[in-house]
């Protein structure tokens, strides 16, 4: 039997590529939440604090459910970032690609009909445009504040 299975949070190490392209926002029950440092889109990345995970189905069922709950909360945080940046979010894109960074992580990206990649995907589109420092702080603060709020329930209710 593998002594590191099931993986424990203490054996979690953030992939250096995720660390290099994002900044910390919050720690939720399961995930680290990081702001992707690309000012073209309000964009959060959730990384479950478990070692050795590649796919969502590597998580036990209770953690799969928690990941979805945290992704919904991240979506609300992305929506909160929009007004803070002067660019309200129209649509959320959520994806777990893992083609370049194998470590399980989930992207939650705010989209608008006038964003640079619309209606195509953001992945591989152009080059990242790092946030100016003040804008990065506004985006991070708005996301962190939204993540501290209790869940609002289904949209429109």
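The values are calculated or read from the model by the stated rules, or taken from the named source; none is laboratory data. Everything quoted here is computed from the prediction, not taken from an experiment. When we count neighbours, we look across all protein chains shown, and the Cβ atoms used for this are built from the backbone with ideal geometry, even at glycine.
Within the stretch 49-58, can one find any residue that is more than 17 Å from residue 148 (Cβ to Cβ), in contact with a helix residue (DSSP H, G or I) (Cβ under 8 Å, 6 or more places away or on another chain) and in a strand (DSSP E or B)?
No, the conditions are met nowhere in the stretch 49-58.
Residue 92 - would you say it is in a strand (DSSP E or B) and in contact with a helix residue (DSSP H, G or I) (Cβ under 8 Å, 6 or more places away or on another chain)?
yes
Looking only at the stretch 124-139, decide whether some residue is in a helix (DSSP H, G or I) and crowded, with 18+ Cβ neighbours inside 10 Å.
yes
Please enumerate the residues belonging to the stretch 1-12 that are surrounded by 10 or more Cβ atoms within 10 Å (Cβ to Cβ) and either assigned to a helix (DSSP H, G or I) or at pLDDT 85 or above (or both).
Scanning the stretch 1-12 gives 9, 11, 12.
Given the conditions (1) at negative phi; (2) more than 14 Å from the chain's Cα centre (by Cα), and given that residue 103 satisfies all but one, which numbered condition is not satisfied?
Just one mismatch for residue 103, condition (2).
All but one of (1) in a helix (DSSP H, G or I); (2) modelled with pLDDT under 95 hold for residue 98; which doesn't?
So the condition that residue 98 fails would be (1).
Please state which of the following conditions residue 148 fails to meet, knowing it meets all the rest: (1) surrounded by 13 or more Cβ atoms within 10 Å (Cβ to Cβ); (2) in contact (Cβ under 8 Å) with a residue 12 or more places away in the chain; (3) under 16 Å from the mean Cα position of the chain (by Cα).
Among (1) surrounded by 13 or more Cβ atoms within 10 Å (Cβ to Cβ); (2) in contact (Cβ under 8 Å) with a residue 12 or more places away in the chain; (3) under 16 Å from the mean Cα position of the chain (by Cα), the lone unmet condition for residue 148 is (1).
When you check residue 121 against the structure, is it out of contact with any strand residue (DSSP E or B) (no Cβ under 8 Å at 6 or more places or on another chain) and farther than 17 Å from residue 34 by Cβ, yes or no?
For residue 121, the condition - out of contact with any strand residue (DSSP E or B) (no Cβ under 8 Å at 6 or more places or on another chain) and farther than 17 Å from residue 34 by Cβ - is not met.
Name the residues in the stretch 69-85 that are closer than 29 Å to residue 127 by Cα, out of contact with any helix residue (DSSP H, G or I) (no Cβ under 9 Å at 6 or more places or on another chain) and either in contact (Cβ under 8 Å) with a residue 60 or more places away in the chain or surrounded by fewer than 16 Cβ atoms within 10 Å (Cβ to Cβ) (or both), would you?
Selection gives 72 alone.
Confirm whether residue 121 is farther than 22 Å from residue 14 by Cβ, in contact with a helix residue (DSSP H, G or I) (Cβ under 6 Å, 6 or more places away or on another chain) and assigned to a loop (DSSP other than H, G, I, E, B).
no
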